[in-house]
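Here is the structure we will look at, set down as structure tokens.
The values are calculated or read from the model by the stated rules, or taken from the named source; none is laboratory data. Here the structure is a predicted model, which means the values were calculated and not measured. Every residue, glycine as well, gets a Cβ built from its backbone with ideal geometry; the counts of neighbours run over all protein chains shown. What goes into the accessible areas is simple: the full protein's heavy atoms, side chains included, and nothing from ligands, DNA or RNA. Shrake-Rupley method; radii C 1.70, N 1.55, O 1.52, S 1.80 Å.
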Amino acid sequence: MVGYAFMGAAHSQAWRTVNRVFDLPTRARMSLVCGRDAGKVADAADRLGWDAYTTDWRDLVASDDIDVVDVCTPGDSHAEIALAALAAGKHVLCEKPLANTISEARAMAAAAVTAQAAGVRSMCGFNYRRVPAVAMMRQLVADGRLGVIRHVRATYLQDWIVDPQFPLVWRLQRDRAGSGALGDIGAHIIDLTQYVTGQRITGVSAITETFVKERPLPAGSSGLAATVDGAAPTVDGADGHRPATGLVTVDDAAVFVARLDGGALATYEASRFATGRKNALRVEINGSLGTVAFDLERLNELEFYDATRPAAEQGFTRILVTEGEHPYMSAWWPPGHLIGYEHSFTHQARDFIEAVATGVDPAPSFVDGLQVQLVLDAVTRSAELGSSWTEVEPALATVAA
Ligand SMILES: NC(=O)c1ccc[n+]([C@@H]2O[C@H](COP(=O)([O-])OP(=O)(O)OC[C@H]3O[C@@H](n4cnc5c(N)ncnc54)[C@H](O)[C@@H]3O)[C@@H](O)[C@H]2O)c1
């Protein structure tokens, strides 16, 4: 595994747990973890349960002992690491968004397609697909219980940078992160809605905004937390000395409308400025026969409205998705005994191991990751052109080209 902070910890928890909860054809062994700081990665290896550590990710790729490389770094290193790992015949799990640019994502998707022929598997880490209520949502749609899908309404709202003094972490720098709220959390709802509906976004009209354009430089960061660099040089301003700052080069919020190839109209909102909303991913889908709604902050539940019921009995049903019949749940606890955020990563690890061991291609593939990247790119271009309608190509066609 490369990177040991937020996602590194979440993935480590999944690799530690997956062998014990699921009956797998082969077991995961946590062999080697990589970080750039020897002291910190040594500590992380010990804390997170890895056998050994290294400060150069090339050691993972070169090791004959390693079958899977798990990429948990910021987007600016996904392509380089994943491409090298695939070329060395390693199966690759890569965090989302797949890359920072279309050209990187396309190269990764093309390499993944080539590697498939040699039995080398790859997956992009859109873990929310593996929340049981989300998997059930997809089943309801696939079983025709919603009829023809008319509307998709998706929001992913956070508030961790509302304070203008929050420092300029890598997530706020375009060269490190590719984009802001759009690629970080918007990518999740783009993938999730395409997955649940089985429909592809064909075009978008978007607006984006950067509300706070300059921020203090950070001392350090992990996940969504950071500290201001107190030792950084101060600059003289009209208001006296203040910490050195840098420019925010990504969006703070992105809002767009879209069309899906099955005829549905969709709205998307991704923001880091939704005061009070911590990790509010919500999706509602309206069809001719019913509606389903999901809220990540109540992830064990699904709301379902079945319009085929007798009129007198119609109404939203709250389904507690904890029965053994529900996706993934038979491996966990008795009905009603809830699961949480981290379980989605354990389910992701389970599906990845299962696919590798049984010789099938896991989903979401790198081509699926490219499909999301094409939407991110279209949103950015539309916003730059005054919200002009911008088409999104099918990813596979662009890989073949
Ligand atoms: N699936 C999800 O829900 C989810 C949530 C958060 C982040 N992510 C994604 O996971 C990735 C990592 O995000 P994070 O929140 O864990 O970031 P983070 O800042 O918490 O951790 C990044 C880690 O990568 C390491 N790193 C950076 N460059 C490296 C290099 N060249 N070689 C070795 N290590 C390097 C850092 O030292 C750190 O350990 C991003 O792509 C992000 O979009 C996904």
For the stretch 113-134, name all the residues that are open to solvent by 20 Å² or more (accessible area, probe 1.4 Å) and not in a helix (DSSP H, G or I).
-> 117, 118, 119, 121
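Residues being within 19 Å of residue 7 (Cβ to Cβ) and part of a loop (DSSP other than H, G, I, E, B): count how many of those fall in the stretch 150-187. Spell out the reasoning first.
To start, the set of residues in the stretch 150-187 that are within 19 Å of residue 7 (Cβ to Cβ) comprises 156, 158, 160-161, 169-173, 176-187.
Okay, now just the ones that are also part of a loop (DSSP other than H, G, I, E, B), so 158, 160-161, 169, 173, 178-180.
Final tally of qualifying residues: 8.
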In the stretch 13-32, is there at least one residue being open to solvent by less than 30 Å² (accessible area, probe 1.4 Å), within 15 Å of the ligand (Cβ to nearest atom) and either modelled with pLDDT under 95 or farther than 22 Å from residue 353 by Cα (or both)?
-> no
List pairs: first in the stretch 1-27 and on the phi < 0 side of the Ramachandran plot and without any contact (Cβ under 8 Å) to a residue 24 or more places away in the chain, second away from the ligand (no atom under 11 Å from the Cβ) and of a type in the set (Lys, Arg), Cβ under 6 Å, 6+ apart or cross-chain?
-> 19/27
Subset of the stretch 135-147, residues open to solvent by 30 Å² or more (accessible area, probe 1.4 Å) and in a helix (DSSP H, G or I), comes to 138, 139, 142
Restricting the stretch 36-84 to residues that are open to solvent by less than 50 Å² (accessible area, probe 1.4 Å) and in a loop (DSSP other than H, G, I, E, B), the residue that is nearest to residue 124 (Cα to Cα) = 72
Selection within the stretch 87-112 - open to solvent by 10 Å² or more (accessible area, probe 1.4 Å), over 18 Å from the mean Cα position of the chain (by Cα) and in contact (Cβ under 8 Å) with a residue 24 or more places away in the chain | 87, 88, 89, 90, 91, 107, 110, 111
Among residues belonging to the stretch 159-175 that are surrounded by 17 or more Cβ atoms within 10 Å (Cβ to Cβ) and within 11 Å of the ligand (Cβ to nearest atom), point out the one that is farthest from residue 254 (Cα to Cα).
-> 169
Output for Cβ contacts, cut-off 9 Å, separation at least six or different chains, first residue open to solvent by 10 Å² or more (accessible area, probe 1.4 Å) in the stretch 340-363, second acidic (Asp, Glu) and not in a helix (DSSP H, G or I), reads 356/67
Are any residues in the stretch 41-61 out of contact with any helix residue (DSSP H, G or I) (no Cβ under 9 Å at 6 or more places or on another chain) and of a type in the set (A, V, I, L, M, F, W, C), and if so, which ones?
-> 41, 42, 45
Having 1 or more residues that are touching a Gly at 6+ places or on another chain (Cβ under 9 Å) and hydroxyl-bearing (Ser, Thr, Tyr) is the bar; report the strands (runs of 3 or more DSSP E) wholly within the stretch 282-386 that clear it.
-> 301-306
Criterion violated by residue 33 - all others in (1) within 19 Å of residue 372 (Cα to Cα); (2) part of a strand (DSSP E or B) satisfied | (1)
Note: among 244, 238, 280, just one is at pLDDT below 95, open to solvent by less than 60 Å² (accessible area, probe 1.4 Å) and either away from the ligand (no atom under 16 Å from the Cβ) or hydrophobic (A, V, I, L, M, F, W, C) (or both), namely 244
Give the stretch 193-220 a look and list any residue that's open to solvent by 30 Å² or more (accessible area, probe 1.4 Å), farther than 21 Å from residue 159 by Cα and not hydroxyl-bearing (Ser, Thr, Tyr), or say none.
-> 198, 200
